[in-house]
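Structure first, then comments.
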Amino acid sequence: MNLGATGEDVEALQEFLKQFPDIYPEGLVTGYFGPLTENAVKNFQKKNGIVNSGSPETTGFGQVGPKTRSKLNELVTEGAGDSGVVPPGLSVALGIQSSIATSSESTTLPPTTATSSVSAAATSTTPEVTPPVETPTVPDDTLPTLITDDFNSYSDGNIVGQGGWVSFVNGNNVQVQGVETFEGSKALHVNKVTDSIVTKATGTPLSDGRQTFYVRSDNRPNWGPYLNGNLQIRVSKGSWGSGGAFAAVTLDKNGDVSYFNPTADIYEKIASYSDNEWTRIEIEWRSTDNTARYSVNSGEWTSWKVFAGSAAFTNFDNVGFEFFIPKGSGGAYFDALQ
């Protein structure tokens, strides 16, 4: 059983793994073996000393092969799991015999010992959950927008204190100006060698919604590199740094557009952008499975992805901008929240 598998076996595997937040923090039970489930299997394998590196093809890392199946059965039999559920395919290898046979975990199937586990899985009342929809190509125009702002009515100078914008750190560096805009007469600009972050709250939190941003790099070859991306936009629960859930997109010095993947704790590339040109970033989120998806310059949407703090997500109520260069020069523009 590995990436791309679907069905009751996968659902029961997820039901078992979600009992352990350190292994499967997202805890989604969808019946679809996606990247989050694969990562949870890797965590399980590492924690139980089965395998800790390689790939499903070379070492079985991230794949439910014989050794992993045997350990799952052992834990259920010993009562380590509160649910007592183990996928029937893990116990008797029905329907996944061929995939197990090619796994590098082992070459011999262990004897089946979890007969009670099969019965538990067969009578499980876990409701069916529809797997996340993969790569839709159009935005959901029925979703409400979190915040709309074009900055055109603001006075030139510091954005903090205008239109509800507040500083999280060095917000005074973010300036309203009219020299370079995406639309209208005003946009924001920041070009200081430090970390500068401003945020704005909405009066109507949204559990399902969308947000469009327009951003423009200003001579990015002169930016000093920063591991997490020099320019960031995000929607969040609570203000920046409050510890609430957030979905974030970054633009880096190297031309990458990335989203924050909390499972791997990295910013993962989804597109590229051009220097000194306006870039359209869209984020949509939904509460049915607490996921978000992303689009760059009206291109194809990503699949629905878990965001930071999704397990405790209720709604988003803030937007924020960050620009950080530890050295160098250049800057960034922000305009047209839609």
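The values are calculated or read from the model by the stated rules, or taken from the named source; none is laboratory data. As the structure is a computational prediction, the values presented were derived from the model and not from experiment. Note that we place each Cβ from the backbone using ideal geometry, even for glycine, and neighbour counts take in every protein chain shown.
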Is there a residue being in contact with a Phe, Trp or Tyr (Cβ under 9 Å, 6 or more places away or on another chain), surrounded by 16 or more Cβ atoms within 10 Å (Cβ to Cβ), at pLDDT below 85 and closer than 17 Å to L17 by Cβ anywhere in the stretch 67-76? yes
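Table: residues versus (1) among the small types (G, A, S); (2) within 23 Å of the chain's Cα centre (by Cα).
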site	(1), (2)
S217	yes, no
G229	yes, yes
I233	no, yes
G238	yes, yes
Residue, surrounded by the fewest Cβ atoms within 10 Å (Cβ to Cβ), within the stretch 306-338, restricted to residues that are of a type in the set (D, E, K, R) and touching a Leu at 6+ places or on another chain (Cβ under 9 Å): D317
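Of these, D218, D265, D256, D275, which one is at pLDDT below 95 and among the charged types (D, E, K, R)? Reasoning before the result, please.
Working: D218 fails: at pLDDT below 95; D256 fails: at pLDDT below 95; D275 fails: at pLDDT below 95.
When all the criteria are applied, what remains is D265.
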